[in-house]
Each structure stands twice: as C-alpha cells, then as structure tokens.
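Asks: Please see the structure below; I have some questions.
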Amino acid sequence: MKISKVVVIGSGTMGSGIAAQVANAGLQVHLLDLTIEIATNACERIKKSRPPLLMEEDNFNHIIPGSIENDMETLKDADWVVEAVVERIDIKKTLYSQIDSLRKPGALVSSNTSSIPLKVLTEGMSKEMKEVFCITHFFNPVRYMRLLELVIGPQNNKEKINNLVTFGDKILGKTVVVCNDSPGFLGNRVGVYAMQVAMTEAFNLGLSVEEADAVFGRPLGIPKTGIFGLYDLIGIDLMADVLKSFIKELPSNDPFHKVGKELPIIKQLIADGYTGRKGKGGFFRMNKSSDKKVLESLNYNSNTYHESKKVDLQLPDVMDVMQVLNRKDVYGQYAWSIMKKTILYASSLIPDVTENFNDIDDAMKCGFNWSKGPFEILNEIGIGNFISMLNQDEAIPSFIKKIQDQENSLFRTSHDSLEYFHPKHSYVPMQRPDGVISLSDIKKSSKPIYTNLSASIWEVSGKSRFLCVEFHTKANVLDGFTNDCLIKAHDLCSDRYDGIVIANDAMQFSAGVNLNFFYEKAVNKQFKDIDLFLNNFQQSLYQLQHAKFPVVSCPSGLAIGGGYEVISQTSFIAAHSNSVLGLVESLVGLIPAGGGCKEMLRRWSNHHEIKKDPKLLSLKVFNLIGYATTADSPIKAKAQQFLGEQDIMVMSRDRLIEEADNLIFSKRENYQILESASFSLPGSTIMSEMMDILDELKDKKVIGEHGIEVGKKLGYMLSGGNTMPSTILTEQNLYDLERETFIDLIKQKPTQERIRHTLDTGKPLFN
C-alpha cells in the first residue's frame, strides 16, 4: 500500500514535528487538535520554528489544520493515522474507537507514545485494527533526529507494517529500528540508563559538573553537552517524569532501579524552579553580572553556583575511547564505569528485548547522537579485554559469554562480507535495508587502502566500484592531511575505479579549514606557509573537479567554508536533507580562498538574471559571501546556487552513499570531463556600488570598520581585481586573486582578533 495522505491527531511538539516532516516529504497532512484554533496556532509555530522544521516555506501549504470535532471525516481516505495526544490511556482509547470507526480498510494507525506499552494501547481494540496498529516513536526535533522506533507485537500483520518501515526509511528519511514491546523500547531504555550512570558516577567520584561533561562528551564519541548539559537541555523536570515511568514499568530486579531513583539534588532543583534551559537554569545557568552574561555552574554539594570554567583534561578532541579508558586517574575510572555498566546493561537486553545488537547501536547513534553504539565500543575494547577488566563479582551477561565461547568477536568477515554475532544463529550476514551502503559496516569489515591522521580512503563495491574518502578530524575540519588524501584518491582512481565519493558518518561533513592552523601561522608571520597550503588546496580541488571520472560529495550537517569549497568542486552533490551549506569566511575577517569565490561566480554566471545584466554577477556573489549566507536545506541551497541542477537531495542519511553510487553508475560510461571556465568581470566599474552597500551597512551598525575592509577586499576579488570588462580571466587567475586577498586580510590584526575570538567563544566578533 502506498502512503499518500496522512492525518496527525495532536498538534503538540511531537505531532507538529511529525506533520512538518510529512510535509517535507511532499505529502498532504491533516493536523488535528481539540479546536481549529489550537491546530492553526501549531501550524504558525511550525512556520516560525528555529531551527526550522520545514525544509522550505512552500512545504507549509501541505499542512491542513483541523479539529477533532469537525474534521475527523478526513480519516476516511487517509493511508496513515498518527496519534500524538497527551499521555493518558483513557483519552487515547476513546480516540482509537473513533479512528477505527472511520478509517478505511488497511489504513495504518500508530501512536507516538514514548512510555505506554503497545499491549496496553491495544487492549479492547478490534482484531482488524490490532493488525495495523503499532507505535511509531519519533525523537525530537523530528526533522533532525534520525531515529524512528517502530514497536510491533505478535498481533501485527507484518506485511502491512513493513509498508510503514519502508515509508519511514525512504520517504521520511529515518533510520527505522523495529522493536519488541518493552519499556522504553531501545533508544531510551539504553540511552537514559547511560545518562543516569554518568550522573550517579560523577556524584560518587566527586567530579564537578564541568569535569564530568568534559569526559562524558567528545572523547567518548558523545555530544559535547555532556551529561549535565544534556539534562539541562532536555529539562530536569521532564527527565524526572521519564525516570518515574521507567521505575513503574520495569521489573524490580532490573539494574535501572539502582540508577533511576530520585536524587535529592534533582528534587531540590525542581522545587526551586531550576528545571534547565527552559527555566532559570539547572546544573548551569546564565547570570547577569554588571550587565554582562556569565555562565555559572552548580556545586551540587553546597547547592551554590560559581563562574563556570572550561576544564582541560588533556583529552582528545575527537573520539578515542581507549585513550580515555586507559588513563590511570579518576577520569579514566569515570569513563570505564560508564562504558562498562552501559555495555553490560545493553547486553542484558539480548535476546529478550531485541535479538539484533546492531539495533541498539543504531538507536544510540541516531537517537542520542553517539558516534558509536555500545557494542561498537565493546568491539573496539575487545571481548577478552573487556571481561578481564571486570570485577570478580560482576556478572557477565549470557550474550557476552556466548560470544566468548565462539570467536570472541562481535563481527567477522566471511567471503568479503560482514557478519555479526546472533544469539540464536551464531554469525549471520549483516542486514541493512535494500540498497543501503553503510560506511560504518565497511570500516568493520575491511581496512582502508590509505589513511593518515585526518582522513582515510576506503574501497567500496555497489553498482559501481569506487573509492570513498572519509575525513575524521574534530568537526571534520580540513588540513594538509585531508588535502593529501584527496590527491591520493585522485591518483588511485585514475586507472582502477569508476569514481570517488567523499562522505563520512560523522555529525558534520566539514566545518571548514582548521582555523587554528591559520591563526598560528598568521601570528608567527608565516604567510608563505598559508599561501602554499591554499595553493595545494585549490589545486587538489581543481584536479577533482576536472577529473576524467565522476566525483560525488555527500554532505550532511555542516558543509561550510572550506567544507563547501570541497563539495562545490565535485561533479555531483548528493546532499542530505538537513545539510547546511554556505561560505562563512567573512565572519572571521577572511574570504573563501579554496575556490569558493571562483565557484560561486561560475555557478551564477549561467543564471537567467545574470544573462540579462552581466554586471550583476559580481554583486550577487558579493552579497552572498559578504553576508555569510547559508542554506539550511538543499532546496534553499538550489535557490542560492550552492547546489546546481545536476545535484540531488536525499531524505535519508543512510542512503547518501547509495545515491552517490547510483550517480557514478549512471554517468561512468559517457562521463563528460568538465571544461575549465573563463570569466569576464567588471573590475573597478562595479566597486562604487559595492562601497555604497558597505557604507549603508556601516551606517546601520551591521558591520564595523573591519567589516568595511573585508567587504572592500571581497569586492576587489569578485570584480576581478585590476582588470577590465574585456579581459578574459581563467580559473587560475581567480584562484590567484583569492589567495592574494586572503593573505592581505589575514596579515591584519583585526582579522586575527576575529579568528581568536571565534576559536575561544564559537561566536563572531564585531569590530
């Protein structure tokens, strides 16, 4: 059954988010609530949401508000009905009776509950509705969180429910994990347990909230919020309610009870109104002192606040579990305690909660943004090593014992394919949805054909045979090593492969070139080194852009600054629907100098607006780069020419490499090498108009003195420098102008101050 029309009942945070994502998929969705006014207000919140729930404003037209009283007739031709009302079983069951009386035969029905078991929801339902009813547990915010847990029971018609699995994957772009009916399902069951362990162990070891968050963060492949920052983000009162639900539902012998009981400090914070970021603060708060905002952190022993200080524990900026676990200090002890207990708990859930441990890994990666799941971390530690590190009195779950009795490994390679340990069938082939190419699985089953400190090259076989370049620095910033890897991939591909894919499975594709490198070279006046790096960067990207084989980039998350310069100079871009693309160098007092200026001029030169008036070319790109414009979806990116007609949007992050493979396969036989571009730019004739724009911005206090200087240099470069409109400029001419202008700016102290401020605070400096 094809799902074409959806009805969502309940327009709160989750219902609105689900409706918005259905609209993003281009489908009509009715959003119903008690009154039309409530539903209409919810639609307005969707429209104004930040970050935006809609990928483009026109998607709003797919959402039709309505009321339960007057518009339930819309259910009669709906293919999928989603219930997302308040967590009260009496209200839900009354609603289910109405839905059952109105839905068409075969229509799917689901609840977005996160706490009520499926068996409770289906009590008293007709047999026909039980077959098509399940739980679809989305994570908030729906557009950005990849996980969709689909909870089923023995009463379900598996064939019909599989339609929803496929729809969630291919249309809504989610990583769908099918779960058995158990409290907390998979993501929250393991994720909340890990959070509670991280909190209680921090208390037990006497770590400050800053110390705990520094360890339980990037070094362990966990988002930088850490545990206490995450508690504040979610809401301390909401977390208290979640824990009560677990305590109520889980059997008394479940280890969750030891870490999930109410803590005095939590009770006190809620009583005092400190419920997290939505309240007065929580474990952290922002305090105004002398008209200046100061971040303060809680001393949970004295229940007092003090100015928060960044803790440097000499831990890696990128995930390195073993380095942290091997520390012989309290921080290593803290990390080991968290990972040990989380792995033991997750293992205890197999096979009763799930037979596939990969589902738990996927749930943690896609629902809690962990870089690796608990079993991937266990595999990195090693089964034997893990067991040897346990205390003698700690019970080893039967799942881990079975692995130990087999090959002592969670994964193995057989006939060049990845197999994983199954508690009932020994080792079985890794199963992914049809067509999905998982870089994570490739990394488990093979070794890179080339690797250095910042990037690796993997060999991949799909429809075509290609190389995959993976960056793996902090935020995937670019440096000399990533550049070397791009050059190496080009040289390797020339004779033996069908093409190159540039992709990774990190949160960000690339946040740009490493600013620390530029800053250190600038303050030491090593400008020749900067120029050499930029020239190498330009030439490697030129080589890829004009290669005799297709090169496809797969951005997801941030692809800004140098990250965008990489993707913009590939043959094709397969962009995830939540990509953020743009050139933001002006915020740190610089201009793009890896071909970004050149590329935006090339992309806009064929636009119909520019063909009518060629002098608009420099002005258009001047405004885009000068304002550090970004597009938060591929649809918006196409309007700004960050993406071209040949580029595609991919809803599912899991299917990026698959779509890149499809592009290479379809183009490899008759691939046309991109010819070098030439440019005719207006030179000084356009500079007066650019200066008028800058002066107006300064008058409005949008930019300061240095903003004028950056704008002038940007204008000089984009107008072609000291040139005439009749002069024909090559791509190399523009590369040279980019570098010249970049060096002029980075020599200046105000630019260096901007870079330092951004590195220290993560925010731009107005100067």
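Asks: Do we have any residue at all in the range 546-553 that's crowded, with 17+ Cβ neighbours inside 10 Å and either among the small types (Gly, Ala, Ser) or in the same structural domain as Cys366 (by TED's automatic domain parsing) (or both)? Walk me through how you get there before you give the answer.
Replies: Initially, the range 546-553 is screened for residues crowded, with 17+ Cβ neighbours inside 10 Å, giving 547, 549-553.
Those still in the list that are either among the small types (Gly, Ala, Ser) or in the same structural domain as Cys366 (by TED's automatic domain parsing) (or both) too: 547, 553.
The answer is yes, given that some residue of the range 546-553 is crowded, with 17+ Cβ neighbours inside 10 Å and either among the small types (Gly, Ala, Ser) or in the same structural domain as Cys366 (by TED's automatic domain parsing) (or both).
Asks: Which of the residues belonging to the range 260-297 are within 27 Å of Asn188 (Cβ to Cβ), in a loop (DSSP other than H, G, I, E, B) and among the hydroxyl-bearing types (Ser, Thr, Tyr)?
Replies: Tyr274, Thr275
Asks: Looking at the structure I just gave you, is Ser618 surrounded by fewer than 17 Cβ atoms within 10 Å (Cβ to Cβ) and assigned to a helix (DSSP H, G or I)? Talk me through it step by step, then tell me what you get.
Replies: Values: surrounded by fewer than 17 Cβ atoms within 10 Å (Cβ to Cβ): no; assigned to a helix (DSSP H, G or I): yes.
No: the conditions fail for Ser618.
Asks: Is one or more of the residues making up the range 131-148 surrounded by fewer than 21 Cβ atoms within 10 Å (Cβ to Cβ), assigned to a loop (DSSP other than H, G, I, E, B) and either small (Gly, Ala, Ser) or free of Cβ contacts under 8 Å to residues at least 24 places away in the same chain (or both)?
Replies: Checked against the condition, which is being surrounded by fewer than 21 Cβ atoms within 10 Å (Cβ to Cβ), assigned to a loop (DSSP other than H, G, I, E, B) and either small (Gly, Ala, Ser) or free of Cβ contacts under 8 Å to residues at least 24 places away in the same chain (or both), the range 131-148 yields no hits at all.
Asks: Have a look at Asn379, Asn358, Asn408 and point out the one that is under 23 Å from the mean Cα position of the chain (by Cα), touching a residue at least 24 places away in the same chain (Cβ under 8 Å) and either surrounded by 18 or more Cβ atoms within 10 Å (Cβ to Cβ) or outside the structural domain of Lys447 (by TED's automatic domain parsing) (or both).
Replies: On the way: Asn379 fails: under 23 Å from the mean Cα position of the chain (by Cα); Asn408 fails: under 23 Å from the mean Cα position of the chain (by Cα).
Among Asn379, Asn358, Asn408, only Asn358 is under 23 Å from the mean Cα position of the chain (by Cα), touching a residue at least 24 places away in the same chain (Cβ under 8 Å) and either surrounded by 18 or more Cβ atoms within 10 Å (Cβ to Cβ) or outside the structural domain of Lys447 (by TED's automatic domain parsing) (or both).
Asks: In this structure, does Pro397 turn out to be on the phi < 0 side of the Ramachandran plot, surrounded by 13 or more Cβ atoms within 10 Å (Cβ to Cβ) and not assigned by TED's automatic domain parsing to the domain that holds Gln333? I'd like the intermediate steps shown before the answer.
Replies: On the way: on the phi < 0 side of the Ramachandran plot: yes; surrounded by 13 or more Cβ atoms within 10 Å (Cβ to Cβ): yes; not assigned by TED's automatic domain parsing to the domain that holds Gln333: yes.
The answer is yes for Pro397.
Asks: Among the listed residues Ser297, Ser337, Ser308, which satisfies the condition of being out of contact with any strand residue (DSSP E or B) (no Cβ under 9 Å at 6 or more places or on another chain), touching a residue at least 12 places away in the same chain (Cβ under 8 Å) and not assigned by TED's automatic domain parsing to the domain that holds Lys443?
Replies: Details: Ser297 fails: out of contact with any strand residue (DSSP E or B) (no Cβ under 9 Å at 6 or more places or on another chain); Ser308 fails: out of contact with any strand residue (DSSP E or B) (no Cβ under 9 Å at 6 or more places or on another chain).
Step by step, each of Ser297, Ser337, Ser308 is checked, and only Ser337 is out of contact with any strand residue (DSSP E or B) (no Cβ under 9 Å at 6 or more places or on another chain), touching a residue at least 12 places away in the same chain (Cβ under 8 Å) and not assigned by TED's automatic domain parsing to the domain that holds Lys443.
Asks: Follow-up. Based on this model, can you work out whether Pro433 counts as in contact with a strand residue (DSSP E or B) (Cβ under 7 Å, 6 or more places away or on another chain), more than 17 Å from Pro374 (Cβ to Cβ), assigned to a loop (DSSP other than H, G, I, E, B) and not aromatic (Phe, Trp, Tyr)?
Replies: Numbers: in contact with a strand residue (DSSP E or B) (Cβ under 7 Å, 6 or more places away or on another chain): no; more than 17 Å from Pro374 (Cβ to Cβ): yes; assigned to a loop (DSSP other than H, G, I, E, B): yes; not aromatic (Phe, Trp, Tyr): yes.
Spelling it out, it is not the case that Pro433 is in contact with a strand residue (DSSP E or B) (Cβ under 7 Å, 6 or more places away or on another chain), more than 17 Å from Pro374 (Cβ to Cβ), assigned to a loop (DSSP other than H, G, I, E, B) and not aromatic (Phe, Trp, Tyr).
Asks: Residues in the range 726-735: is at least one among the β-branched types (Val, Ile, Thr), crowded, with 16+ Cβ neighbours inside 10 Å and not in a strand (DSSP E or B)?
Replies: We begin by selecting, within the range 726-735, every residue among the β-branched types (Val, Ile, Thr); these are 727-728, 730.
Filter once more, so that each one left must be crowded, with 16+ Cβ neighbours inside 10 Å: none.
Looking for residues that are among the β-branched types (Val, Ile, Thr), crowded, with 16+ Cβ neighbours inside 10 Å and not in a strand (DSSP E or B), one finds none in the range 726-735, hence no.
Asks: Something else now. Looking at Gly15, Gly26, can you tell me which residue is on the phi > 0 side of the Ramachandran plot and out of contact with any helix residue (DSSP H, G or I) (no Cβ under 6 Å at 6 or more places or on another chain)?
Replies: Numbers: Gly15 fails: on the phi > 0 side of the Ramachandran plot.
Only one candidate qualifies: Gly26.
Asks: Please verify whether Lys463 is more than 19 Å from Ala574 (Cα to Cα), charged (D, E, K, R), surrounded by fewer than 17 Cβ atoms within 10 Å (Cβ to Cβ) and in contact (Cβ under 8 Å) with a residue 40 or more places away in the chain, treating the condition exactly as stated.
Replies: On the way: more than 19 Å from Ala574 (Cα to Cα): no; charged (D, E, K, R): yes; surrounded by fewer than 17 Cβ atoms within 10 Å (Cβ to Cβ): yes; in contact (Cβ under 8 Å) with a residue 40 or more places away in the chain: yes.
For Lys463, the condition - more than 19 Å from Ala574 (Cα to Cα), charged (D, E, K, R), surrounded by fewer than 17 Cβ atoms within 10 Å (Cβ to Cβ) and in contact (Cβ under 8 Å) with a residue 40 or more places away in the chain - is not met.
Asks: Could you tell me whether any residue of the range 432-443 is without any contact (Cβ under 8 Å) to a residue 40 or more places away in the chain and under 23 Å from Lys474 (Cβ atoms)?
Replies: yes
Asks: Mind counting the residues in the range 12-42 that are more than 21 Å from the chain's Cα centre (by Cα) and either in contact (Cβ under 8 Å) with a residue 60 or more places away in the chain or surrounded by fewer than 19 Cβ atoms within 10 Å (Cβ to Cβ) (or both)?
Replies: Taking the range 12-42 first, the residues more than 21 Å from the chain's Cα centre (by Cα) are 12, 15, 26-42.
From what is left, the residues that are either in contact (Cβ under 8 Å) with a residue 60 or more places away in the chain or surrounded by fewer than 19 Cβ atoms within 10 Å (Cβ to Cβ) (or both) are 12, 15, 26-28, 34-38, 40-41.
Number satisfying all stated conditions: 12.
Asks: Are any of the residues in the range 505-517 among the aromatic types (Phe, Trp, Tyr), outside the structural domain of Ser666 (by TED's automatic domain parsing) and crowded, with 22+ Cβ neighbours inside 10 Å?
Replies: At the first step, the residues of the range 505-517 found to be among the aromatic types (Phe, Trp, Tyr) are 509, 517.
Going one step further and asking which of them are outside the structural domain of Ser666 (by TED's automatic domain parsing), we end up with none.
Checked against the condition, which is being among the aromatic types (Phe, Trp, Tyr), outside the structural domain of Ser666 (by TED's automatic domain parsing) and crowded, with 22+ Cβ neighbours inside 10 Å, the range 505-517 yields no hits at all.
Asks: Between Leu643, Leu601, which is buried (at least 23 other Cβ atoms within 10 Å of the Cβ) and more than 27 Å from the chain's Cα centre (by Cα)? Even if it seems obvious, please write down each step before you answer.
Replies: Numbers: Leu643 fails: more than 27 Å from the chain's Cα centre (by Cα).
The conditions single out Leu601.
Asks: Looking at Gly17, is it in a loop (DSSP other than H, G, I, E, B), assigned by TED's automatic domain parsing to the domain that holds Ser110 and modelled with pLDDT of 95 or more? Let's see the steps before the verdict.
Replies: Numbers: in a loop (DSSP other than H, G, I, E, B): no; assigned by TED's automatic domain parsing to the domain that holds Ser110: yes; modelled with pLDDT of 95 or more: yes.
So Gly17 fails the test.
Asks: For the list (1) assigned to a loop (DSSP other than H, G, I, E, B); (2) of a type in the set (S, T, N, Q); (3) over 29 Å from Phe766 (Cα atoms); (4) under 28 Å from the mean Cα position of the chain (by Cα), I need the number of the one condition that Asn662 fails.
Replies: (1)
Asks: Considering only strands (runs of 3 or more DSSP E) fully contained in the range 450-506, which possess at least 3 residues that are of a type outside the set (A, V, I, L, M, F, W, C)?
Replies: Values: elements: 455-461, 465-471, 499-502.
In the range 450-506, 455-461 are the strands (runs of 3 or more DSSP E) which contain 3 or more residues that are of a type outside the set (A, V, I, L, M, F, W, C).
Asks: What number of residues in the range 670-718 are under 28 Å from Ile755 (Cα atoms), surrounded by 20 or more Cβ atoms within 10 Å (Cβ to Cβ) and hydrophobic (A, V, I, L, M, F, W, C)?
Replies: Looking only at that region, the number is 7.
The values are calculated or read from the model by the stated rules, or taken from the named source; none is laboratory data. Computed from a prediction, not measured in an experiment: that's the story for all the values here. Please note: Cβ atoms are built from the backbone with ideal geometry, for glycine as well, and neighbour counts cover all protein chains shown.
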